[in-house]
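Right, one structure below, let's go through it.
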C-alpha cells in the first residue's frame, strides 16, 4: 500500500507550501490529530459554515500601488466546516472519519479517502497541520537531521 503524505505541524504552520511531507501508513494517518493553524482568524457564518481569513503581508510600496487584497477568504462547505470543528489537536483522523461516516452516510473507506484529500488541500494552503503519532514523529526528525547533514557537506 502506498504511504500517505502528511506534513508535520511545524512545516504546515510556517506556510511552507512546497515542503516535503513524510509518508505515513494508513494506520498512522488515522492516528494523526489535525490542528487548525492558530495564527488564522476564522468565523462561523449564519448558516453554520466556516470562513477562514488568510492575511497577506505586503510591503508599504506594494500596498500603495497594488490592488492585491490584504486578506483572502476561504469558505468551507457544510461538511468541510464540520471537519474544521474537529481540527483542534484532540481528535484523531479516525474519530473524524467515524463521525463523517455516521453523519453523512458514507462508508468508512469513503470518509477516510475524502479526509485524506481534504486534509492535503488544507495543509497545502497552510490552514492545518498535524500532530503525528510517535513513530512518525521520530521518522520525521530523523529525516530532518539527514537533510541538515547533507546541506552541511
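Full extension of the chain between residue 121 and residue 147 yields a length gain of 6.8 nm, computed as 0.36 nm times the residue separation minus the alpha carbon distance. Across segment 77-134, the relative contact order, built from alpha-carbon pairs under 8 Å that are at least six residues apart, equals 27 percent. Cβ-to-Cβ counts within 10 Å put 36, 150 in ascending order as 150, 36, the fewest first. Distance between the 7 Å Cα→Cβ label points at residue 105 and residue 77: 1.6 nm. Once the Cα-Cα distance is subtracted from the 0.36 nm per residue extended length, the residue 44 to residue 95 segment shows a gain of 16.1 nm.
Bear in mind that the values in this text are calculations on the coordinates, not laboratory data. All figures in this text were calculated on a predicted structure; none of them were measured in a lab. Heads up, the Cβs are rebuilt from the backbone with ideal geometry, glycines too, and the neighbour counts pull from every protein chain shown.
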